[in-house]
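Shown next, in structure tokens, is the structure this report addresses.
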Amino acid sequence: SGGSEVVTIDVKEAKDLLHSGYSYLEVRTVDEYKKGHVGVEKIWVIPYMFNTSEGRVKNPNFLKEVTSVCKEDDRLVVGCQSGVRSLSATSDLLQAGYKHVYNMGGGYLSWVENGFPVKVENEPEEK
């Protein structure tokens, strides 16, 4: 493996990091994101898995898409719905050479349970 072990932090630590310059990497699907997401300024939405008729499949371009918006020394908190996809995504990022990446344990569900700020995307779709 690329060496670094995934460090999972709880949502309270994640919130502190996000307020101290870290960006949030949302790895849920765009549909999940639109229904409600972590309310922070710097957020990227790059799904780690896609829902298909055969079930969930890994996004084959995940690392390429992340690399197009984030540098290896960017500070990232990776989150999903419950903390499972983000664990795999964080592991992939560490193996790809990212240095400051944390997995948000408990994911969005835990964020909501703690009463932290949430945003919902309800603007009409642009045509």
Residues being of a type in the set (Gly, Ala, Ser) and under 15 Å from residue 119 (Cα atoms) - total across the range 9-56 | 2
In the range 1-57, which residues are free of Cβ contacts under 8 Å to residues at least 12 places away in the same chain and in contact with a helix residue (DSSP H, G or I) (Cβ under 7 Å, 6 or more places away or on another chain)?
-> none
Enumerate the strands (runs of 3 or more DSSP E) found wholly within the range 10-127, keeping only those where 2 or more residues are open to solvent by 40 Å² or more (accessible area, probe 1.4 Å).
-> 43-45, 49-52, 55-58, 100-104
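The values are calculated or read from the model by the stated rules, or taken from the named source; none is laboratory data. From a predicted model like this one, the values you see are computed outputs, not experimental measurements. Counting neighbours? That spans all protein chains shown, and the Cβs are built from the backbone with ideal geometry, glycine included. What goes into the accessible areas is simple: the full protein's heavy atoms, side chains included, and nothing from ligands, DNA or RNA. Shrake-Rupley method; radii C 1.70, N 1.55, O 1.52, S 1.80 Å.
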